[in-house]
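Bear in mind these aren't lab numbers, they're just calculated from the coordinates by the rules spelled out. Predicted, not measured: the structure shown is a model, and the values here were computed from it. No Cβ is skipped: glycine too gets one built from the backbone with ideal geometry, and neighbour counts run over all protein chains shown.
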């Protein structure tokens, strides 16, 4: 499997890892769309398309727009095509480019082309690249980020499979998933570094990478160290060997979990190592702290050292980002235990770390600690003349500067009249006398009152109290509820269809009523949706009767809620349907009797009962000729004399009944008589 080119899995652990992945969940009944880091995986089904193809269409769910066909998938014709599919999918999806070696390629090809194998093998269900390469999945690299999509899967060429199905609604990227992976063992040596992380909770992890960071270098990078999963005493560990570690350089290692769709999770906590020879300076700094000293307008650093023997100097490093670049700001004597950093700004977080220098060696950096210089000057007055204007869900705030030393403004919003304020965005840096801020309220299904306030920040970074509150409402643009569980049945007289849906007023009160739409499918062709409720259906009514059901076919109904302006509508509900079958013709006449009588034929019969008959058609055929209509009789007639006959000939009679709906019966079997 391609998995073997990326991670090494110890026996017994492979199924453990698969059990944490949800890609193959319910594949036999459900199509699935899965968000990737820069596109969307579409799982068409688990049946390998050996004698058919999957057709994939896409719809933007936000506007209920048209379905656009985007792809067809089939089984590759050869193992070379399989390899090409793998490489192409890895390239467009951003996965590691890792072609199968000859042995693995042959193994996969034999597995999926075996005549008894009709579904994707269980060991491939979570490998989306292999699924796409064998035709049961597809990667949509053209999908726009932060846009919700739905996919329609159609099957062409196999009548035994469901012809059409839909995936869930999905958009990408998604939030990082959480695992619990903890540093366990680190063993530095001059030939490399061996490390282990303990997997307490694998979350959605399908594979992982080992990350490494260098001392005083920002960020982590992936290294060429294969993670090996091992099980020991009931616990799972991820081990690795870093053969590229350099002596006397501090490193930090972390595990980057990745799910089956290629999405990264949160990286594990760091594990630190220092590859040095023996008798080096030991890292012995402890108790490092940074305190705000308002009197000296500085941050005062304090620390302790276990033993300053062999130490020549202590270097102090500072950064404004915890994982950023640290710059040396001072070197002090080995006996010093404090330092004043005066080149700092108030209300700004700084991070500090120390290293110990010997004659030939340098220790690893100490733990990093934060420090914040408190505000120097008070800020007592908030912005003045705060005003709010609202247009639908667009809110514009304006205010005036109240003090000359104002450098920035902070806008707050609460999701109710008396709710807790939360800061919106970052502070607005400005020294202008007047300022404005535009906010877009979130879509909601209920009317909500939002509360706004503004505070300012002075040049000492002190924040003022909040201004008087101003208010906005979401009532006029609240999201309309979407009806569900649509059911359709015939009325008691069998002449109409009645549509039912739940009472959506129990979910939301921000709509005026309902509108019903209908499509009809006849001979595989579906009409365009049209509104069949000519008037607004009141909010307290959750049913509709359709009188126009004359055409046989499948009737589909959807329901939408209508907004307060009687123009805006919700998205369509799921469809409810009912099939109107072609009406059968009436029953035939029975007990047909023929009697010769002086140059004529006397006919008698019994008409069917309860068939709502309109007429009876009588057909006659001389022997060896086609039957022709000789009479159309009233529905109550049950006898007839045919005088248009001659002796010496044989005649055959058939009957056809016709009801008032225009339907006719099958002709009766021909009954013959010979006139002598």
Just check segment 101-141 against the gyration tensor rule for me: Cα atoms, a ≥ b ≥ c as the square roots of the eigenvalues, rounded for a/c under 1.5, and otherwise prolate or oblate depending on whether a/b exceeds b/c. oblate
Unit Cα scatterers, Debye sum, segment 530-605: log10 I(q)/I(0) for q = 0.24 Å⁻¹: -1.21
Need the full-extension length gain, residue 492 to residue 147, defined as separation in residues times 0.36 nm minus the C-alpha distance. One decimal, nm. 119.7 nm
Rotationally averaged projected area of segment 487-580 (alpha carbon convex hull; nm²): 6.1 nm²
Treating only the Cα positions of segment 462-501 as identical point scatterers, give the base-10 log of I(q)/I(0) from the Debye formula at each q in 0.14, 0.33 Å⁻¹. -0.63, -1.08
In whole Å, what is the distance between the alpha-carbon centres of segment 415-444 and segment 589-620? 89 Å
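If you count, for each residue, the other Cβ atoms within 10 Å and average over each peptide, how do 243-252, 648-657, 256-265, 524-533 line up from highest to lowest? If you can, show how the numbers build up before the last one.
Details: 243-252: 15.7, 648-657: 18.1, 256-265: 22.2, 524-533: 11.5.
Top to bottom by mean Cβ count within 10 Å: 256-265, 648-657, 243-252, 524-533.
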Sites residue 345 and residue 564, calculated FRET efficiency, Cβ-Cβ separation with R0 45 Å, nearest 0.05: 0.35
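Please compute the Kirkwood hydrodynamic radius over segment 328-471, one decimal place, Å, based on all pairs of different Cα atoms.
The Cα-based Kirkwood calculation yields 18.5 Å.
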What is the Å³ per residue value for the convex hull set by the Cα atoms of segment 285-372? 85 Å³
Using Cα atoms only, what is the angle between the long axis of helix 102-113 and the major principal axis of the chain, expressed in degrees (0 to 90) to the nearest 10? 30 degrees
Largest first and in whole Å, give the semi-axes of segment 587-676's equivalent ellipsoid, each being the square root of 5 times a Cα gyration tensor eigenvalue. 24, 13, 10
Using 13 Å as the cut-off for backbone N distance, which residues of segment 605-631 belong to the label zone defined by a point 7 Å from the Cα of residue 638 along Cα→Cβ? 605-610
Rounded Å value of the spacing that divides the Cα centres of segment 214-246 and segment 118-187: 28 Å
So, in nm, how far is label residue 186 from label residue 389 when the simple model puts each one 7 Å beyond its Cα toward the Cβ? 5.8 nm
By average Cβ neighbour count within 10 Å, what is the ranking of 125-132, 505-512 from highest down? 125-132, 505-512
Once you order the gyration tensor axes a ≥ b ≥ c over the Cα atoms, which shape class does segment 190-266 get: rounded for a/c under 1.5, otherwise prolate or oblate by comparing a/b with b/c? oblate
If I stretch the segment between residue 376 and residue 270 completely, what's the gain in nm (0.36 nm per residue apart, minus their alpha carbon distance), one decimal? 34.5 nm
Taking the alpha-carbon centroid of each part, what is the distance from segment 481-525 to segment 354-389 in angstrom? 61 Å
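222 nm [θ] for the chain, helices only, -39500 (n - 2.57) per DSSP H run of 4+, per residue, to 500?
After summing the helix terms and dividing by the residues of the chain, the value is -1500 deg cm²/dmol.
What's the whole-number percent of alpha carbon pairs in segment 106-221 lying beyond 22 angstrom? Walk me through the numbers on the way to the answer.
Working: 4127 of 6670 pairs.
Above the 22 Å cut-off, segment 106-221 has 62 percent of its Cα pairs.
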Could you sort the peptides 535-541, 301-307 by per-residue average Cβ neighbour count (10 Å cutoff), highest mean leading? 301-307, 535-541
Label-point separation, residue 98 to residue 591 (7 Å along Cα→Cβ), nm: 8.5 nm
Taking the chain as the reference, fit the longest principal axis to its C-alpha atoms, fit the long axis of helix 79-93 to the helix C-alpha atoms, and give the angle between the two in degrees, 0 to 90, nearest 10. 60 degrees
Across 10 Å bins from the origin, how do the percents of Cα pairs in the chain run, short distances first? 3, 10, 12, 14, 16, 15, 11, 7, 4, 3, 3, 2, 1, 0, 0
